[in-house]
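Asker: The structure is given below, and queries will be raised subsequently.
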Amino acid sequence: MADDKDVLRDVWFGRIPTCFTLYQDEVTEREAEPFYLLLPRVSYLTLVTDKVKKHFLKVMKAEDVEEIWFEYEGTPLKWHYPIGLLFDLHASNTSLPWSITVHFKNFPERDLLHCPCNSVIEAHFMSSIKEADALKHKSQVINDMQKKDHKQLWMGLQNDKFDQFWAINRKLMEYPTEEGGFRYIPFRIYLTMSDRPFIQKLFRPISPDGHTHTLGDLLKEVYPVAIASDDEAKRYQVVIHGIEPLLETPLQWLSEHLSHPDNFLHISVIPAPSD
């Protein structure tokens, strides 16, 4: 892969300043102070919030504690979505710190998956990587790896070790030079305005006649309303890792450099803020 190491590093070390407050109806023995944390964009809420949980448990009785879950302005936050995606989708045009409410009761069964332990996060993460490699390399790269390599990917993410993770992940980003890119680009497009969780289709980085597909080409094919025509005001922002990449950016480059650790490009299409 093209070695834009600085881009990979910037993506990995992206952080969101966050203020966690306990839901007002939770029963506490004394007042619960808010808890501040820099959340890693590429990780998962349930993986990085042990300190948050411990902080609030200090003021609660054991009988008042069930499964922890998080919400932002009334929306339960899906732990199996990367943190950066959750922020881009729900809060990207709000002021920082991001204000998240913590609950220990009334788990929203219809909205969230249960997450009793880290092995559930690991299973979800590894299944995403395997799905991405099926699209990119017909699963050949991930299947050629040893179990310890799979573990190294997970431990790199869990322990926030950039070099440990990328020592293995770079193999998942390689492709034969003559092919010019992956078989298909692993991507998901998320819409705040839709009941569908996301849009996912087969899309190649190179057209049959050898043309390099861009982010704009993908949107035209999959969700054309995201692109404003020349004579209309911009209605939507297309956000990846908190930035709006140029629509002319090659999709292959984006896939190699702006994918999350699960190897998917997570693209948020959100309403443009009205000035």
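The values are calculated or read from the model by the stated rules, or taken from the named source; none is laboratory data. Just so you know, these numbers come straight off a predicted model, no measurement behind them. In this analysis, Cβ positions are derived from the backbone assuming ideal geometry, glycine residues included, and neighbour counts consider all displayed protein chains. We work out accessible area using only protein heavy atoms, side chains counted, and drop any ligands, DNA or RNA first. Shrake-Rupley method; radii C 1.70, N 1.55, O 1.52, S 1.80 Å.
Asker: Can you name the number of the only condition in (1) closer than 23 Å to Asp195 by Cα; (2) surrounded by 18 or more Cβ atoms within 10 Å (Cβ to Cβ); (3) over 15 Å from the mean Cα position of the chain (by Cα) that Phe87 fails?
Answerer: Here Phe87 meets the rest and fails (3).
Asker: Is it the case that some residue within the stretch 142-162 is in contact (Cβ under 8 Å) with a residue 40 or more places away in the chain, open to solvent by 30 Å² or more (accessible area, probe 1.4 Å) and out of contact with any helix residue (DSSP H, G or I) (no Cβ under 8 Å at 6 or more places or on another chain)?
Answerer: yes
Asker: Looking at the structure I just gave you, is Gln200 over 24 Å from Arg15 (Cα atoms), without any contact (Cβ under 8 Å) to a residue 12 or more places away in the chain and not acidic (Asp, Glu)?
Answerer: So Gln200 does not fit the description; no.
Asker: Could you check how many residues of the stretch 163-180 are surrounded by fewer than 18 Cβ atoms within 10 Å (Cβ to Cβ) and polar (S, T, N, Q)?
Answerer: Selection size over the stretch 163-180: 2.
Asker: Right, another one. Please enumerate the residues belonging to the stretch 239-256 that are in contact with an Asp or Glu (Cβ under 7 Å, 6 or more places away or on another chain) and surrounded by fewer than 21 Cβ atoms within 10 Å (Cβ to Cβ).
Answerer: Scanning the stretch 239-256 gives a single hit, Gly242.
Asker: Of Tyr190, Tyr236, Tyr223, which residue is closer than 21 Å to Leu89 by Cβ and open to solvent by less than 30 Å² (accessible area, probe 1.4 Å)?
Answerer: Just one listed residue meets the conditions, Tyr190.
Asker: Search the stretch 49-63 for residues being in contact with an Asp or Glu (Cβ under 9 Å, 6 or more places away or on another chain) and of a type outside the set (D, E, K, R), and hand back the single one that is farthest from Leu37 (Cα to Cα).
Answerer: Only one residue tops the list, namely Met60.
Asker: Which condition number does Tyr81 fail, the rest of (1) in a loop (DSSP other than H, G, I, E, B); (2) over 24 Å from Asn118 (Cβ atoms) being met?
Answerer: (2)
Asker: Looking only at the stretch 8-27, decide whether some residue is polar (S, T, N, Q) and open to solvent by 50 Å² or more (accessible area, probe 1.4 Å).
Answerer: Taking every residue of the stretch 8-27 in turn, at least one turns out to be polar (S, T, N, Q) and open to solvent by 50 Å² or more (accessible area, probe 1.4 Å).
Asker: Now for a separate question. So Ala132 clears everything in (1) aliphatic (A, V, I, L, M); (2) at pLDDT below 95; (3) within 17 Å of the chain's Cα centre (by Cα) except one condition, right? Which one?
Answerer: (2)
Asker: Please find, within the stretch 1-34, the residue that is farthest from Lys54 (Cα to Cα) out of those that are modelled with pLDDT under 90 and of a type in the set (Ser, Thr, Tyr).
Answerer: If we take residues in the stretch 1-34 being modelled with pLDDT under 90 and of a type in the set (Ser, Thr, Tyr), then Tyr23 is farthest from Lys54 (Cα to Cα).
Asker: Considering the stretch 131-141 alone, what residues qualify as being surrounded by fewer than 16 Cβ atoms within 10 Å (Cβ to Cβ) and touching a residue at least 40 places away in the same chain (Cβ under 8 Å)?
Answerer: Selection gives Lys138 alone.
Asker: Filter the stretch 28-49 for residues that are open to solvent by 90 Å² or more (accessible area, probe 1.4 Å) and of a type outside the set (Phe, Trp, Tyr); which is nearest to Lys78 (Cα to Cα)?
Answerer: Result: Leu38.
Asker: Checking Ser128 against (1) open to solvent by less than 10 Å² (accessible area, probe 1.4 Å); (2) outside the structural domain of Thr21 (by the TED database); (3) touching a helix residue (DSSP H, G or I) at 6+ places or on another chain (Cβ under 8 Å), which single condition isn't satisfied?
Answerer: Ser128 satisfies every listed condition except (3).
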